[in-house]
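Read the structure below first, then the notes.
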């Protein structure tokens, strides 16, 4: 039985992991750490958990981090994990981090990301020596490396959807990697638990608005992955939009298609690329189920279409931003790291309707 | 392994059972029957199910009903189960019915219900001889009878919330059973999958409206149960309201409290009444979590308050209308009928946020 | 042309008045005061106003309050207006206040309200000498007094809906004023513009929860009005609930009906009571349109039903909480105070769908 | 006083016109025609209208169409107006039609549109001789022609947003007209009043899904307009998405920008292009207010951004689909046709929040 510690247990991402681990037969939570709301059973803070998990939330002091754990999950904002992961790894535990801290193999690449992130403001990485040991946690692309890794950077929620949506086309060379446009849509929970004007119910409800146009940090990690797959520089224009939903990410991706490629060939290519993947579903031609078909699950749905006249491929990928986009994908990575069946604790059906 | 047949598999209630049974280790689905959309894998009809259940939906002819099944689940409108249950029982299978067909021990009581139901229009029961063998399926109240029964009438969604909310107070005699008012609120999915003007998105969204004021059929079965528990006639004024949510029922119940009873005593009484119940949670004084804390689970949350000046008890009970209010409660009944652990296939945490 | 000053111009209530006054032919805004976000055109702060109102928001210093104004609208939290209204009145201007500061004729009655209000914590009134000069601003009930008044306390949003819903029945003696239960439902905007966990989109969406059960301060002012109309003590159990909508209040009111009164008689009585009222609509028997039919208007819809078996009257009243429940009702009061046609600037149709 | 007849008065588009004309000082409704729900006051059918408009809805027989009217508004599905407009025009009345029937100057261009429209199925135009007399009703682009016209084809809702968003850039030659991608998002009301599975509340709520990818008929009329403005063939890949909101359209438009054009220059160009337009607002750099800032108004908000690295212009345009996207724009056209001030009856502020 693996002993897991969750740092940042009371944010949406940490709570997601708390919930998933209640049903994981090989991992038990050894401690829940947080900055605020400490000293109480987590079921007192979140009534939905009452009766399921009554562990006390403890203060996230540096000393406590890593204590008695085989695995530390940093469900924390950017720049927390980078200051503590070294110590945890040195003590022999594995680390997964939800933030951008370990998504890049070099301080230079991290720097591009940090420039765009609203809260990191271009600060340099605090533990650049750890970066070569880190792995980017998209299991469908980097499974082999994750299996060998003790330090995984869980990807950004939009990055999961974009990367899975575009990887086959880019890797197999059927689109121009310099022509990519991604129009992203996300539910409100992606911004976390902290109240703000943008996510105040009367402001968010019955609205839809773009934000950080062509300047969202998740485009950096996605471009890096796609460039690696393409063997040349991929460039993407990414515009995220806020929806009036709680959950879900849907990315509509546009790219110039190599002449002569048919929709049937694209479908075959995608099915082949994801053959055997437990969480990726290629929907049949003409089926675009949208967010509803993946909510509350770890699935990523991919639908495909062509604008033949304009010579463009259109890929629609959708996930639950808090599961395949965060805690679910993190648990999938953990399963890979520890050699558990990849669906363990994650084999949930979407919630319908 | 129990072989189950679902009649009406493509409505929300039938789908709920299809989904739950994918994760039940002792029951497997032997056939899915429906009136429309037959001849296709259910995953083609409902993209969220693709990859989980690909059984073909077959036509619900009378001949097929009960075939090769140990258990038939009628997830059908009123007056379907009553015409077919006799045959199924005679063939040795157990029956659970979602409609009002088997919620009453006599044709007379059924008649009161049928008068109020919009689609039965006061028609007499078609199989009155079966009624004495039927059991009303609120396991927390009638567990012993359900265990012995082969024919269970799954309660109305509002009835589950009202009955669980009021049973302890009525049974222990701390409220006047003639003074009950229940103000109910329900999500849109309670009305089923069939499109209608009332549930058309632009009409339902950003609205809240009462309907069938003091004339909803679920009040009949609830009054019958409460009268039985009270040992005298319980009378309730019930006004349901439609919310702009997909799921959830919240009932706010008001009743005159016996003089001298304190809130602490009420809490003790409720905790005692539901001690050991796996799906009922009595929230602590001052905690009113609302729908959010039970969605996607089989839980019923109960919160308690007093209006001391007016001498009234206020009970708030909330459920997921499609789980504890329908498919989840039905599976709980099935588990009781077949001697499985009551939480088997149902031990899900609520979805948050 | 009346010169109006809005204090607290950047809250939802103040903005509502800013918007309404853009289309009022007899009143012009002379200044907009606020505590924060000062020094900028209001259209920079609220993009929807760009091009309609570009007045600068100025700091709400005590010196500025009342300056160059014939009318001061305190769209401010409790206890702001009471400290400044005296000075404004002394300078000859009229005052309307959105908070509870001037809703009661005596410091004693105010005290009961203040005990329940979460932010006043039972503090005594700071200007008790002004209270006898103040008028409670429900124009349909107190029009004559408002016409003579220079100091009006605009009622609480729930109080408007409850009072209009119950006044005819209570005044004409067809219900027992000691038997009233009101189950209230409100959109999220009633809590104002300040972000909070309760109104954070992921928490509020797809939810419904009660709050301040039998202890909401609006019940105090409503009970006072109803007692005055009844000529005896009215008592009400009031439980408000939060909806996942932006706007709207719907109150479902229950009371014991005098024996022998028919639904037709109740309808006649209500129609008669509100004959000639421009903003109250008595919907015909069997029509319960809910929030949708009043949103974006200053209307109050009232629907009536009986639970004949239980001897209860059920009244459903609905308003837009930010118009008839706040800024719209305030402007209606202002029109009465200044002798303008009561619908001036308010003659808007509901927004459908 | 102009006498107007509304054909199709009980759909969302017809109702929108009914509502707007209640506040138009120069036009009065002479008759309301519809196919169903006839014989009753419109306020009986739509409770929000009670007290505002109580005209009887009459059967839309061909004989009644045009009767006693100076202006006939066809708020009807495709292919209704084309069969009746000739007769109305011959009788001397003016015509505006909401459908695609009169959006094209030739039967050939109509044919391209009809091929994509789900309900016209490529049928030829029934009155091709009228097409040369018709005008496409985007007043900001074709005001001069509309002023001279007696037959106006009101544009598609998405077409309004796309055309206004892209016209300045295309007309002034700063983008490549062959490179345009438009990712559209729409509220549910755009699909009309008729219930359907796609717009059933439980299906639509908490979802987002694309539909008719690269095959929506509004792209045909937009491409035609943009080609005309560009003086060369414009081509656009258009993917509409359904939101879980009632109202609103937001189009995010991407196009390759001519080298060396700065964001400041783009802003200047757009401000200049729309100088004096009463309903188009160019939001300042960095302000992307989204749907909320235009709902319930006839405004079109336009925000601008660059992806400098990729050499792309990003234009975000948003409207209320039922006002500037339908009835509001139609009334604006009518005002132009009849020489009334263009904002008459339309000078409404957005509803916030």
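The values are calculated or read from the model by the stated rules, or taken from the named source; none is laboratory data. Bear in mind the structure is a predicted one, so any value in this text is a computation, not a measurement. Virtual Cβ from ideal backbone geometry, glycine too; neighbours counted across all protein chains shown.
Annotations for the structure displayed:
- Test: residue C:122 is assigned to a helix (DSSP H, G or I), farther than 21 Å from residue C:95 by Cα, free of Cβ contacts under 8 Å to residues at least 60 places away in the same chain and over 16 Å from the mean Cα position of the chain (by Cα): no
- Across the stretch C:251-279, the qualifying residues are those that are under 20 Å from residue D:43 (Cβ atoms) and within 10 Å of another protein chain (Cβ to nearest Cβ), and the one among them that is surrounded by the fewest Cβ atoms within 10 Å (Cβ to Cβ) is C:278.
- So residue B:327, is it within 10 Å of chain C (Cβ to nearest Cβ) and either surrounded by fewer than 21 Cβ atoms within 10 Å (Cβ to Cβ) or under 25 Å from residue D:202 (Cα atoms) (or both): no
- Selection of the stretch A:27-47 for residues being more than 24 Å from the chain's Cα centre (by Cα) and farther than 26 Å from residue A:94 by Cβ yields A:36, A:37, A:39, A:40, A:41, A:43, A:44, A:45, A:47.
- Failed item, numbered, when residue B:296 is tested on (1) more than 18 Å from the chain's Cα centre (by Cα); (2) surrounded by fewer than 24 Cβ atoms within 10 Å (Cβ to Cβ): (1)
- Selection count where residues are facing chain A (nearest Cβ under 10 Å) and under 23 Å from the mean Cα position of the chain (by Cα), scope the stretch D:280-291: 4
- The stretch D:263-279, residues that are within 27 Å of residue D:341 (Cβ to Cβ) and either in contact with a helix residue (DSSP H, G or I) (Cβ under 6 Å, 6 or more places away or on another chain) or modelled with pLDDT under 95 (or both): D:270, D:273, D:277
- Applying the criterion of being farther than 18 Å from residue A:100 by Cα and in contact (Cβ under 8 Å) with a residue 24 or more places away in the chain to the residues of the stretch A:142-163, the residue that is farthest from the chain's Cα centre (by Cα) is A:147.
- Just one of the listed residues (C:237, C:186) is at the interface with chain B (Cβ under 8 Å from one of its Cβ atoms), surrounded by 17 or more Cβ atoms within 10 Å (Cβ to Cβ) and modelled with pLDDT of 95 or more, namely C:237.
- Options A:334, A:249, A:282; residue that is at pLDDT 95 or above and within 24 Å of residue D:252 (Cβ to Cβ): A:249
- Scanning the stretch C:158-178 for residues that are surrounded by fewer than 24 Cβ atoms within 10 Å (Cβ to Cβ) and either within 9 Å of another protein chain (Cβ to nearest Cβ) or part of a strand (DSSP E or B) (or both) gives a single hit, C:178.
- Residue A:303 being more than 7 Å from every other protein chain (Cβ to nearest Cβ) and under 17 Å from the mean Cα position of the chain (by Cα): no
- Taken over the stretch C:190-215, the criterion of being more than 7 Å from chain B (Cβ to nearest Cβ) and part of a loop (DSSP other than H, G, I, E, B) is satisfied by C:192, C:193, C:194, C:195, C:196, C:197, C:198, C:199, C:205, C:212, C:215.
- The combined condition, being surrounded by 15 or more Cβ atoms within 10 Å (Cβ to Cβ) and at positive phi, is not fulfilled by residue D:100.
- Hits in the stretch A:78-88 - residues which are out of contact with any helix residue (DSSP H, G or I) (no Cβ under 7 Å at 6 or more places or on another chain) and surrounded by 19 or more Cβ atoms within 10 Å (Cβ to Cβ): A:80, A:84, A:88
- Candidates D:232, D:221: the one that is more than 13 Å from every other protein chain (Cβ to nearest Cβ), surrounded by 24 or more Cβ atoms within 10 Å (Cβ to Cβ) and in contact (Cβ under 8 Å) with a residue 40 or more places away in the chain is D:221.
- Residues in the stretch D:339-353 that are more than 10 Å from chain A (Cβ to nearest Cβ) and either assigned to a helix (DSSP H, G or I) or over 20 Å from residue D:282 (Cα atoms) (or both): D:339, D:340, D:341, D:344, D:345.
- The stretch D:33-54, residues that are in contact with a helix residue (DSSP H, G or I) (Cβ under 6 Å, 6 or more places away or on another chain) and closer than 27 Å to residue D:347 by Cα: D:42, D:43, D:47, D:48, D:49, D:50, D:53, D:54
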